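K.L.:
Below is the structure I would like to discuss, written out as structure tokens.
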Amino acid sequence: MLDLKIYLILGAILFCIGLIGFVSRRNMITMFLSAELMLQGVAINFLAFSRFRGNLQGQSFVLFILSVAACEAAIALALIVILYRAKNSLDVSKWQDLREEDLEPNEDQEILLVDSYQIQPMPSLPVAGHRPAKEEDASHV
Amino acid sequence: MNDQSWMTLTNLSLLFGWLAVYFCLPKRISGSSRLIGYGAGCIALIISAIQIFTTYSFNPELVLFCVFSFFAIVGSCLMIVAQNPAHGAICFALTITSTGGIFLLLAAPFVMAANIIVYAGAIIVTFLFLLMLVNQHNADLADSESREPFLASVTGFILMGSMISILTASFSSQSLPSNLNEIELIVNETQEALSINNLSELKAKVINGDNYVVTKLKNALGGSGIWVERIEVDVQKNGTLMVNKSDDIVEIKAALTSLVSIGTEYLKYRPLLRPSIAMAGNSGADPSLPLGKIRKDQSGRPAMPADNTTFLGKLLFSDQLIAVELAGLLLLVATIGAIVIVRQLPTKVSS
């Protein structure tokens, strides 16, 4: 007879694997799928509590998680498409310009600059936390 | 299997799992490290299987759980280490379908169907479509190299280990729910005894030769989770106090009062389950019922309604009607937002 603990442990394992994938991979689609994996771990937790409490509210909560995940997928897909259009790559490291002003760029920057296929000019984003300079064409994404 | 050896085996399999994930994560110089990773992963899974099969009695549910969780964990690990994101998406679909099996084991067939339709049906297909649209070059550098694989995997596995050890510690006493009722009885009894002013009568009721209330409370607290241990120490202290000063009615009453407070502190974990507003009763057992009073099925777990979808629909459209409407609104807004975001603004023609 399985108990609540073993299901919670399975949820925790899936959540942590998704976490590792989210922080370590650089492909935006893999990162997104990892986030969905974390949601799956949470859903297992909800269903396990629902089962071992004899109450359906956990299941209805999972349905809401599903609908939020669907919205998230739609928005993420749209964002990934425009980010891809901008840099011609799915690599999140190409968006290091968005880092804080006093942070060093990631070490693999120079390799990226060597290999990247060059790219049509796109609106440049200002460093976070500063008012953008008013020169030239202030276009927006 | 006791908690000690369970945690030892868990740490061992976590170590091998960490090795597996670390060696399999794409790195610039990979060489044969993926093979090491696969080996370590197999060892970790074998250790976990031994752990599970020695802890629980053998029955069909156990076998199904092992099969589904095996595919879920292997699929998710393969997803986060996949160099080709299309393979990753397929592995994610594998994870989702086997999670569907786990959902069925948890008596949630409707959620299982919705999950598979939404994830494996819609999201995966959309993402594969996007991958084919986008990935027209050769393999990207972003896929063949991960960012800080060591730190990331160490962080993840430390979090996993702490969660598992906390779960193991807090679920180690199987009899926690019935204990709560027992403790409530003892606490009530002690409180009644506090109103007695005659020394001999009080001793007859409470101490009764062999430190009666204290022993009962200690036995009830016996299955020790982490947060019970401190309370047990308190019980020990007050028990000796009562034995030593058993001729003084004030001392005895003080000890009894502290016993009552200890028991009440233990009992305060139960009202957490009680919502302040009563639900309409569409969701199954009333959440305010103590776990011991819920109707059980043959396997000793709370009974769930057999027609899951009917009850889920009733629940959604009565108790949670506003939330359902808001979810629908959210979907609409997300659709509009996605269209607005991807729409290419007409570029100004300079002529």
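The values are calculated or read from the model by the stated rules, or taken from the named source; none is laboratory data. A quick note: this is a predicted structure, and the numbers were derived from the prediction, not measured. Cβ coordinates were reconstructed from backbone atoms using ideal geometry, including for glycine residues, and neighbour counts include every protein chain displayed.
K.L.:
Please work out if A:Leu56 is within 7 Å of chain B (Cβ to nearest Cβ), over 18 Å from A:Ala128 (Cα atoms), crowded, with 22+ Cβ neighbours inside 10 Å and not basic (Lys, Arg).
P.N.:
For A:Leu56, the condition - within 7 Å of chain B (Cβ to nearest Cβ), over 18 Å from A:Ala128 (Cα atoms), crowded, with 22+ Cβ neighbours inside 10 Å and not basic (Lys, Arg) - is met.
K.L.:
Given (1) among the aromatic types (Phe, Trp, Tyr); (2) surrounded by fewer than 22 Cβ atoms within 10 Å (Cβ to Cβ); (3) in contact with a Lys or Arg (Cβ under 9 Å, 6 or more places away or on another chain), identify the lone condition not met by A:Tyr7.
P.N.:
(2)
K.L.:
Scan region A:9-30 and give yes if some residue there is among the aromatic types (Phe, Trp, Tyr), over 25 Å from B:Leu14 (Cβ atoms) and not in a loop (DSSP other than H, G, I, E, B), otherwise no. Before you say what the answer is, go through the steps one by one.
P.N.:
First, the residues of region A:9-30 that are among the aromatic types (Phe, Trp, Tyr): A:15, A:22.
Next, from what is left, pick out any that are over 25 Å from B:Leu14 (Cβ atoms): none.
There is no residue in region A:9-30 that is among the aromatic types (Phe, Trp, Tyr), over 25 Å from B:Leu14 (Cβ atoms) and not in a loop (DSSP other than H, G, I, E, B).
K.L.:
Specify the residue that is modelled with the highest pLDDT; the eligible residues are those in region A:31-58 that are part of a helix (DSSP H, G or I) and in contact with a Pro (Cβ under 7 Å, 6 or more places away or on another chain).
P.N.:
Step by step, filter region A:31-58, then rank; the result is A:Phe52.
K.L.:
Now, a different point. Test A:Ala70 against the criterion of being surrounded by fewer than 24 Cβ atoms within 10 Å (Cβ to Cβ) and modelled with pLDDT under 95, and give yes or no.
P.N.:
yes
K.L.:
Is region B:310-333 home to any residue that is outside any helix (DSSP H, G or I), at pLDDT 70 or above, surrounded by fewer than 16 Cβ atoms within 10 Å (Cβ to Cβ) and more than 10 Å from every other protein chain (Cβ to nearest Cβ)?
P.N.:
No, every residue in region B:310-333 fails to be outside any helix (DSSP H, G or I), at pLDDT 70 or above, surrounded by fewer than 16 Cβ atoms within 10 Å (Cβ to Cβ) and more than 10 Å from every other protein chain (Cβ to nearest Cβ).
K.L.:
Also: Output the residues belonging to region A:51-81 that are farther than 24 Å from B:Ile336 by Cα, of a type outside the set (D, E, K, R) and free of Cβ contacts under 8 Å to residues at least 12 places away in the same chain.
P.N.:
If the condition is that a residue be farther than 24 Å from B:Ile336 by Cα, of a type outside the set (D, E, K, R) and free of Cβ contacts under 8 Å to residues at least 12 places away in the same chain, then A:Gly54, A:Asn55, A:Leu56, A:Gln57, A:Ser60 are the ones that fit.
K.L.:
Sticking with this one: Report yes if some residue within region A:75-90 is modelled with pLDDT of 75 or more, outside any helix (DSSP H, G or I) and more than 7 Å from every other protein chain (Cβ to nearest Cβ); otherwise report no.
P.N.:
The answer is yes, given that some residue of region A:75-90 is modelled with pLDDT of 75 or more, outside any helix (DSSP H, G or I) and more than 7 Å from every other protein chain (Cβ to nearest Cβ).
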